Amino acid sequence: MSKKWVQRISFRVHQWLGLASAAVLLVVGLTGGLLAFEDQIVGAWPTPKVTPQAQIMAPAQLLPALALPGKKLERIYLEEAADEPGRALYSDPTSKQREWQTFNPYTGELLGARPAITEFFGTVMALHRWLLMPNSIGSLFTGTACIMSIIFLIAGIIRRAPDNWRNVKDWLVWKKGSSGRHLLWQWHALLGTWLFIPIFIMALTGPWFAFDWYRDGVRSMLETSAPKPNLALKSSSAEVDLDAAWQTMQSIIPNGHFARLYLPRKPGDALNIRYLDNDAPHHHAFSAVSLDLSTGKVLAQQRYADLSGGDYILANIYAFHTGLYFGLPGRIIWSLGALAFGSFAVTGVWLFFNRRARPKEAVSGAADTLIAYASQSGTAAAYGKRLQAWFAQQEHNAHLRCVSKIEPDELVQYRQVVLLASTYGEGQPPDTALQFQQRLAEANTVLQNVQVAVLAFGDSQYQQFCAFGHWLAERFNALGAATLLPLTEVDRGAEQTIQQWNQALAQQLSLNVAELDSGFSSATVVSARCLNEDTTREVYDVVLHLADNWQPGDLVELMPYATEAQCRAHLNLIGFSGDELVTTYGEPMPLWQVQSLYKEFGAAVEPLSVEDYLANTADLALRSYSIASTDNNQQLRLMVRKVVLDNGLFGRGSGLLASVEAGDKLQLRIKPHSAFQLPEDDVPLVLLGAGTGLAPYLSFLAARADKGFSSPVWLLFGERYAELDNYYADELQRHLANGTLTELDYAWSRSHQPEYQGKYVQQLLHEHSERLQQYLADGAHLYVCGSIDGIGAGVQLALQQLLGDNALTALQQQQRYHRDLY
């Protein structure tokens, strides 16, 4: 079985057994942490004392003094300290109830019930061992939970085990700056690793106190054949000579202190005594003796000091379970371990029910409207979520679904279908929509009672602009659907176009458009630095603080408003001053302000007029950037190449980000990219990136390191110059050193070093085709990030050549082939 499957199975075993036993282990862990310090707490608590005398009362006089009507005396405990009262355990033959009484060991006087603090710990012990249930029932729950914990602890440590034991330090290091879910995960995983040994010993010894079969099994493995005191030994006759037994007892325990007398259950049974020798290392290092009650003769004796091997381990089961064997440091560590173990029940359940899975689509209940999205980079999906939230605010129930999960026959359930359709490259549907397109093309479903509105996302630089959206509109029309709204094209996510479409949709469905949340938040710049200063293709590392959550692979959207100076500089180049008055956008405003808020930088038009310029200039579009960090401390990192336009000006978004300073504010919006996120399970990855396409993989590696994932990861990265463009080299080397990254290959297309010249990522795939095949055979997910015409087209062709179209299609259907191309 491969390591991947071992880890996957161990994770599921750990998860489900942990969930099944969580409630019991929470109680057992918290009570165990308290019981670890029972002796210290009781010892410090003020309790009644007795006046010590020369000798304790002999059994011949003590037993009659302790007799209670209708009660059977089962045990007598004599304490180590001379001024401590003794304890007597009674049982009621009728009700089977037990009770403790304290007594003066020098006079035999009964002093009443145990002190309140002792009774409290008695209740805690009953909760710990039996959950306050009858012993036979409660021990079944606690013992079973202990056995389950033995299994899931082993599974958990297998799941966390590092690939390379030389990197064990990283396996044990608490990563600073964690918050939220990751903080709880670190508590659960790292604390469990640090305290694994004491917790495992507690779990391993726990069933000893719950199950006879477990005790018998352990004894059969460890116990030697030497005669031992036990309750099954018999006296030579049923007659009782307590004076003879007392004399023998005094010869073994001169002062009589700290003895546990287990009285015969029936006539003829031996008297069993557990006691402490003067050199006992702890107060449960019992020696034991069985006496013939008729003669006082020793039937069997076992001194703790003489024990060895299995007998020694058996005598210390309780001491191992509580940490007593290791002294005060052991009690402290065991107490922390028990408390931590109890807390794992809480963190484990919380992590399970709040696991970072891909967003689930809301399809509960009936709905008049279906919001269906086909998204490649997450734009359509993110807008769909905002649209559904807008509907919900106004009590308009709508289902949100990816088209990959929709069958054509399901469409007849809705009165309105809102299609948010992205077009990928030259007219292609998104990867997630390929099968839906085929199903819909073959369908003969009649949609005459359905109204449809198509919002088509695309990029006008491609000839087949919004082609998939147009195909959907035509196909729905052919199936008989009526038009709710005319098809609207959105060029590169232009917010102005979307807002206009929102207003039209609100009018059709009687909604209040003012309640539609844009989703933007204010982010503060923490730092910005150039990664390759001596080049004309500068790449910047920009870190911002954003109070939001995201997952590795997600994108962030920026509204690239330009400054007045930038707008005037551009307008001056094409013949405008920037002061021309424009009335098209509500209140009159100068042309430079319209340029800043609503329009891209357009080209000059002939004849020169403001109206023609605005009509021929694209609406201002959002810029999307891959996030290069996890959200542990809400530090959002971007990797941005500063674009230089043909007129010498900088790109709207990249120029803005490259010029920011610490403390600047930007308006950003997280765009979930569910098709490009990490798998939930620890599986191998093949990461292919070029240029700033490295960004999402930095967040991937950080997230996998945080989770302790250990499956192989192969990164293939391409850029121009090894001397200038080796971004984040130290960070990648650290990931290699700690095992988060297994293999790293570079392709430098224009390096000054001849051996590197002319290489591209797709060529690396050909050079390492066997490694690629092995990764995919082991269940690897394949990721590609970068330019659609560069690495996107090159890798696609290489994969078709190396794997074949059928295998590549199978990867897509299995959702193991992920692309983020631009």
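The values are calculated or read from the model by the stated rules, or taken from the named source; none is laboratory data. If you're wondering where the values come from, they're calculated on a predicted model, not measured in any experiment. All Cβ positions, glycine included, derive from the backbone under ideal geometry; neighbour counts span all protein chains shown.
Among the residues that make up the range 25-35, is at least one of them under 20 Å from TYR275 (Cβ atoms) and outside the structural domain of LEU685 (by TED's automatic domain parsing)? No, the range 25-35 contains no residue that is under 20 Å from TYR275 (Cβ atoms) and outside the structural domain of LEU685 (by TED's automatic domain parsing).
Checking each residue in the range 455-476 for being in a helix (DSSP H, G or I) and either buried (at least 16 other Cβ atoms within 10 Å of the Cβ) or touching a residue at least 24 places away in the same chain (Cβ under 8 Å) (or both) picks out ALA467, PHE468, GLY469, HIS470, TRP471, LEU472, ALA473, ARG475, PHE476. Examine the range 718-730 for a residue that is basic (Lys, Arg) and in contact (Cβ under 8 Å) with a residue 60 or more places away in the chain, and state whether such a residue exists. Yes, because at least one residue in the range 718-730 is basic (Lys, Arg) and in contact (Cβ under 8 Å) with a residue 60 or more places away in the chain.
Annotation: LEU698 fulfils all but one of (1) within 32 Å of the chain's Cα centre (by Cα); (2) more than 20 Å from ALA780 (Cβ to Cβ); the unmet one is (2). When the range 250-303 is filtered for residues that are part of a strand (DSSP E or B) and either surrounded by fewer than 17 Cβ atoms within 10 Å (Cβ to Cβ) or among the hydrophobic types (A, V, I, L, M, F, W, C) (or both), the ones remaining, listed by number, are ALA259, ARG260, LEU261, LEU271, ILE273, ALA288, VAL289, LEU291, VAL298, LEU299, ALA300, GLN301.
Looking at the range 563-575, can you tell me whether even one residue there is among the basic types (Lys, Arg), crowded, with 19+ Cβ neighbours inside 10 Å and more than 30 Å from ALA392 (Cα to Cα)? Looking through the range 563-575, at least one residue is among the basic types (Lys, Arg), crowded, with 19+ Cβ neighbours inside 10 Å and more than 30 Å from ALA392 (Cα to Cα). All of (1) within 15 Å of LEU455 (Cα to Cα); (2) assigned to a helix (DSSP H, G or I); (3) in contact (Cβ under 8 Å) with a residue 60 or more places away in the chain hold for GLN376 with one exception: (2). The listed residues are GLN566, GLN551, and the only one of them that is farther than 15 Å from LEU666 by Cβ and at pLDDT 90 or above turns out to be GLN551. Would you confirm whether or not the range 443-454 contains a residue that is within 14 Å of ALA675 (Cβ to Cβ) and buried (at least 24 other Cβ atoms within 10 Å of the Cβ)? So far as the range 443-454 goes, no, none of its residues is within 14 Å of ALA675 (Cβ to Cβ) and buried (at least 24 other Cβ atoms within 10 Å of the Cβ). The residue of the range 477-501 that is surrounded by the most Cβ atoms within 10 Å (Cβ to Cβ), among those that are touching a residue at least 60 places away in the same chain (Cβ under 8 Å) and under 19 Å from GLN388 (Cα atoms), is GLY493. Once the range 633-645 is narrowed to residues that are in contact with a helix residue (DSSP H, G or I) (Cβ under 6 Å, 6 or more places away or on another chain) and crowded, with 20+ Cβ neighbours inside 10 Å, the residue that is farthest from ARG492 (Cα to Cα) is MET639. Within the range 500-520, the only residue that satisfies the criterion of being closer than 20 Å to SER377 by Cα and out of contact with any Lys or Arg (no Cβ under 6 Å at 6 or more places or on another chain) is SER518.
When the strands (runs of 3 or more DSSP E) confined to the range 477-566 are screened for residues that are touching an Asp or Glu at 6+ places or on another chain (Cβ under 7 Å), those reaching at least 3 such residues are found at 521-530. Just one of the listed residues (ALA747, ALA703, ALA737) is touching a Phe, Trp or Tyr at 6+ places or on another chain (Cβ under 9 Å) and either without any contact (Cβ under 8 Å) to a residue 12 or more places away in the chain or closer than 25 Å to LEU172 by Cα (or both), and it is ALA703.
For (1) modelled with pLDDT under 90; (2) surrounded by 20 or more Cβ atoms within 10 Å (Cβ to Cβ); (3) out of contact with any Ser or Thr (no Cβ under 9 Å at 6 or more places or on another chain), each residue gets a yes or a no:
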{"residue": "GLY32", "(1), (2), (3)": "no, yes, no"}
{"residue": "LYS49", "(1), (2), (3)": "no, no, yes"}
{"residue": "ALA67", "(1), (2), (3)": "no, no, yes"}
{"residue": "ARG87", "(1), (2), (3)": "no, no, no"}
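Looking only at residues of the range 403-425 that are farther than 17 Å from ALA482 by Cα, part of a helix (DSSP H, G or I) and not small (Gly, Ala, Ser), we find that the one that is farthest from the chain's Cα centre (by Cα) is VAL403.
Of the listed requirements (1) closer than 30 Å to ASP681 by Cβ; (2) of a type in the set (Lys, Arg); (3) more than 42 Å from the chain's Cα centre (by Cα), ARG12 misses just one: (3). Within 30 Å of ILE147 (Cβ to Cβ), modelled with pLDDT of 70 or more, in contact with a Ser or Thr (Cβ under 6 Å, 6 or more places away or on another chain) and surrounded by 15 or more Cβ atoms within 10 Å (Cβ to Cβ), is that true of ARG159? Against the criterion (within 30 Å of ILE147 (Cβ to Cβ), modelled with pLDDT of 70 or more, in contact with a Ser or Thr (Cβ under 6 Å, 6 or more places away or on another chain) and surrounded by 15 or more Cβ atoms within 10 Å (Cβ to Cβ)), ARG159 qualifies.
For every residue, the table says whether it meets (1) surrounded by fewer than 20 Cβ atoms within 10 Å (Cβ to Cβ); (2) farther than 26 Å from ALA793 by Cα.
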position: GLY693; (1), (2): no, no
position: TYR697; (1), (2): no, no
position: ALA702; (1), (2): no, yes
position: ALA737; (1), (2): yes, yes
position: SER751; (1), (2): no, no
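Among the residues of the range 69-96, those that are in a loop (DSSP other than H, G, I, E, B) and either free of Cβ contacts under 8 Å to residues at least 40 places away in the same chain or among the basic types (Lys, Arg) (or both) comprise PRO69, GLY70, LYS71, ASP83, GLU84, PRO85, ASP92, PRO93, THR94, SER95, LYS96. Once the range 788-818 is narrowed to residues that are closer than 16 Å to LEU772 by Cβ and in contact with a strand residue (DSSP E or B) (Cβ under 6 Å, 6 or more places away or on another chain), the residue that is surrounded by the most Cβ atoms within 10 Å (Cβ to Cβ) is ILE791. As a summary of the residue check, ALA722 satisfies the conditions (1) outside any loop (DSSP other than H, G, I, E, B); (2) over 28 Å from ILE157 (Cβ atoms); (3) of a type in the set (A, V, I, L, M, F, W, C) except for the one numbered (1).
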